[in-house]
Each structure stands twice: as C-alpha cells, then as structure tokens.
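The values are calculated or read from the model by the stated rules, or taken from the named source; none is laboratory data. All of these numbers come straight from a predicted model, not from anything done at the bench. Cβ sites come from the backbone with ideal geometry, for glycine too, and all protein chains shown count toward neighbours.
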C-alpha cells in the first residue's frame, strides 16, 4: 500500500531516517534516544519527560514502556514548560498530540507500507503486535487509523 503522508507521518519518517532507522528490528528505545541526545531512566513512577530526560514506569510491560516512550518523546521534542502551569485545554491538546505521535513512532507508516498485512484483521493486529512490540489495543487502534487513512486519505 502506498500513501501520501500527512505532516506527522512525514516528520516521523524523516526523524527516523535521520538517525538511520529504516526497519522494524531497528526501532527500539535504545536505538532512538541516544541518537537524539536524550536520556532514559526506568523508575517505579508514572512516565514523564523533563528537560531532555525521559522517565519510564518500570512497573509496566516492555510493550507499554515502548508506547510510553513514544508518548514522552513527543513531549521531549515538541513541548516546553510545565504542564501543570498551562490551561487544561492546552494540556489535553498536548496529551492528544503525544498519543498520536506515539502511535506513529511505534508503528511508522513507512514501515507499515512495506509489510504485507493479512486480510483478516485479527491476523494483521497480531503481526503488528509481534513486529513492533506493542500491546493489542495499540496495534488495533493504529491499524484502524492506517486503513482509514489509506482508504479515505
């Protein structure tokens, strides 16, 4: 499947290519954060990003931490300041943007385009989960988004 990429998909593609990530097996936190000059700590606390440092909740599964990494990476790259000091509507907007960013970072469109996804949805979801190391709900959401953009975008 070939898509015309939206701004976020284009940004993620360029970001990953700039740090020499082209294939799903290269798509790991350990390959991404040092190449972007960031630090990651795994601690028993809710995930957050503060001034170039990403803290991930080590009580969560590896898949959940990977998804959280994508979310917090968005905050580290795009959002400045303390969310507690901004209006609720702006905080909600930043959270929505970070969740969308995470979907696209953890399962990049340019990588999905290269895959031969099964026609059966459950099999396609399983393939995405296995290939990208994400949880089922995350894979389901991203697959629906991908197919919707492909069909209607």
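Looking at 146, 152, just one residue is at pLDDT below 95, surrounded by fewer than 19 Cβ atoms within 10 Å (Cβ to Cβ) and over 13 Å from the mean Cα position of the chain (by Cα), and that residue is 152. Evaluate the stretch 87-96: report whether one residue or more is at pLDDT 90 or above, closer than 28 Å to residue 131 by Cα and touching a helix residue (DSSP H, G or I) at 6+ places or on another chain (Cβ under 9 Å). Within the stretch 87-96, not a single residue is at pLDDT 90 or above, closer than 28 Å to residue 131 by Cα and touching a helix residue (DSSP H, G or I) at 6+ places or on another chain (Cβ under 9 Å).
Scan the stretch 11-29 for residues that are in a helix (DSSP H, G or I), over 16 Å from residue 74 (Cβ atoms) and without any contact (Cβ under 8 Å) to a residue 60 or more places away in the chain and the total you get is 4. A single entry from 126, 96 fulfils the requirement of being part of a helix (DSSP H, G or I) and exposed (fewer than 12 other Cβ atoms within 10 Å of the Cβ): 96.
The sole residue among 33, 5 that is in contact with a strand residue (DSSP E or B) (Cβ under 7 Å, 6 or more places away or on another chain), in contact (Cβ under 8 Å) with a residue 24 or more places away in the chain and closer than 18 Å to residue 101 by Cβ is 33.
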